[in-house]
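The values are calculated or read from the model by the stated rules, or taken from the named source; none is laboratory data. Because the structure is a prediction, the values reported are computed rather than measured. All Cβ positions, even for glycine, are placed from backbone atoms using ideal geometry, and neighbour counts span all protein chains on display. Only protein heavy atoms, including side chains, enter the accessible area calculation; ligands, DNA and RNA are left aside. Shrake-Rupley method; radii C 1.70, N 1.55, O 1.52, S 1.80 Å.
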Amino acid sequence: MVTVDDIEFRSVSLDTSLRSREVIDQEIADVEAMTNHHLSEPYSIFVYRFFINNWPELTLLAHHKDKLVGNIICKVEPHRNARVRGYIGMLSVDDEYRGLGIAKTLIEKAINLMIEKYGCDEISLETEVMNSKALRLYENFGFIRIKRLFRYYMNRHDAYRLVLPITENSTICSSQLPQLENPKEAVY
Ligand SMILES: CC(C)(COP(=O)(O)OP(=O)(O)OC[C@H]1O[C@@H](n2cnc3c(N)ncnc32)[C@H](O)[C@@H]1OP(=O)(O)O)[C@@H](O)C(=O)NCCC(=O)NCCS
């Protein structure tokens, strides 16, 4: 039986000195196909390229014997110019590999990277109000529901915005915080 120890976790690499452009493009196409298959919202290739080109190390892949079985796609940006906010854009795991802890591992690795590399004050995401699996998964990490977004998705379902506070800045109103000195440098 496959366990999470049999799964290889790594970031996307766009380094053409290590792999050909065709191999890299195929990997991105596989991530796009998998994510679009599992999420209700259709995203264009430009959305994937935006995340992956700017923050390649924050797109983490899970492979079992060269088969892509899970991925998480994240970014980091300043929020109201006052704090650094990580964002989990997409997460999906192949049906046959669910319940093994792959999503938990992807989330844990992504959170650690966003804290260690970018000094995130908080991490946010949205998920459908009816996605009880995802809500349980994220709430077990300490994410809290901060907003209900009416008809947020194209299927007209509402979303919850969830936030995981990391630093004290996350708990202070942004208007009361000093502005980030160089917000672009803080995140790129
Ligand atoms: C949500 C999803 C990513 C979970 O992936 P997974 O690898 O099976 O999740 P894990 O094995 O790491 O399970 C982690 C936690 O998720 C929750 N969970 C997973 N499967 C569940 C189920 N069938 N029912 C309720 N909770 C469930 C549990 O809290 C579980 O922790 P536990 O085992 O300690 O109870 C996967 O079901 C999926 O790809 N769904 C479609 C896309 C999606 O909904 N993405 C998230 C929204 S952005």
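Probing with 1.4 Å while keeping every protein chain in the model, the per residue accessible area of the stretch 59-141 equals 43 Å². Please work out whether the stretch 63-188 counts as rounded, prolate or oblate from its C-alpha gyration tensor, where a ≥ b ≥ c are the square roots of the eigenvalues and a/c under 1.5 means rounded, while otherwise a/b larger than b/c means prolate and anything else oblate? Note, shape of the stretch 63-188 comes out oblate. Less than 13 Å Cβ to Cβ from VAL23, Lys/Arg counted +1 and Asp/Glu -1: what total charge do the surrounding residues give? Net charge in that neighbourhood comes out at -4.
Note on GLU122: accessible area is roughly 0 Å² with a 1.4 Å probe, heavy atoms of protein only. For a straight C-alpha distance cut-off of 19 angstrom, the lysines reachable from LYS117 (same-chain residues fewer than eight places away being disregarded) are LYS75, LYS109, LYS184. Highest mobility in the GNM of the chain, judged by mean-square fluctuation with C-alpha springs under 10 Å and restricted to PRO56, PRO178, PRO78, is found for PRO178.
At 1.4 Å probe size, with the rest of the protein present, what percent of the exposed accessible area of the chain is carbon and sulfur atoms? The nonpolar share, carbon plus sulfur, comes to 50 percent.
For THR59, the residues 5 or more places off, or on other chains, whose built amide H falls under 5 Å of its own are VAL12, CYS74.
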